[in-house]
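All remarks here apply to the structure that follows.
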Amino acid sequence: MRKLLITVLAACTGLAGSATLAGAGLFSATGMVIAILADDLFVGEAEGHLSGAGTLAIKSQRNPAVSCLGQFTSSAERGGSGQLRCSDGTAATFHFKRLSVFRSYGVGSFSRGSMSFAYGLTAEEAGPYLILPEGKKLAHNGTELELVDL
């Protein structure tokens, strides 16, 4: 009887531990987002969940007071789509193609112009997927990404 009670207690503890881990993000992934919105560089993170839903938060490198929050849904077959709202009142809608579960790229319509972005890619990897302003390139200044003259 004692052995059965210990087994049941261990199983319940294991299940409770699993629920806690799942709530803490066991079934989600976070990756870097590099985005160009109306010729401005935005950098941040997106978190995607096993269900295909996710959230993102990015901030302007030119004007750090401007930040954007958004939501998206995705699937392996159809790619994904989402919306973004920024602290300055601007908004965007976007769609993307998944390169893998943890990597994607896309484009969208921003209320001040076009939008392109990459998720889960380094600056070098993201380059071919981003529509950079004419005469600019992405560079890392040692601490952050920035748009610099060619």
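The values are calculated or read from the model by the stated rules, or taken from the named source; none is laboratory data. Predicted, not measured: the structure shown is a model, and the values here were computed from it. We place every Cβ from the backbone using ideal geometry, glycine too, and count neighbours over all the protein chains shown. The protein model used for the area step is the full one, side chains on, heavy atoms only, and it has no ligands, DNA or RNA in it. Shrake-Rupley method; radii C 1.70, N 1.55, O 1.52, S 1.80 Å.
Looking across segment 106-150, just one residue is at positive phi and touching a Gly at 6+ places or on another chain (Cβ under 6 Å), and that is G120.
For G54, are the conditions met, namely being touching a His at 6+ places or on another chain (Cβ under 9 Å) and either closer than 17 Å to A35 by Cα or among the basic types (K, R) (or both)? When the stated conditions are applied, G54 does not pass them.
Taking segment 102-118 as the range and being open to solvent by 30 Å² or more (accessible area, probe 1.4 Å) and in contact (Cβ under 8 Å) with a residue 24 or more places away in the chain as the test, the residues that pass are F102, R103, Y105, V107, R112, G113, S114. Of the residues V43, V8, the single one that is modelled with pLDDT of 95 or more and either outside any strand (DSSP E or B) or surrounded by 16 or more Cβ atoms within 10 Å (Cβ to Cβ) (or both) is V43.
For segment 66-101, residues that are in a strand (DSSP E or B), without any contact (Cβ under 8 Å) to a residue 40 or more places away in the chain, among the aliphatic types (A, V, I, L, M) and open to solvent by less than 80 Å² (accessible area, probe 1.4 Å) total 3.
With respect to (1) loosely packed, with under 14 Cβ neighbours inside 10 Å; (2) in contact (Cβ under 8 Å) with a residue 12 or more places away in the chain, the lone exception for G142 is condition (2).
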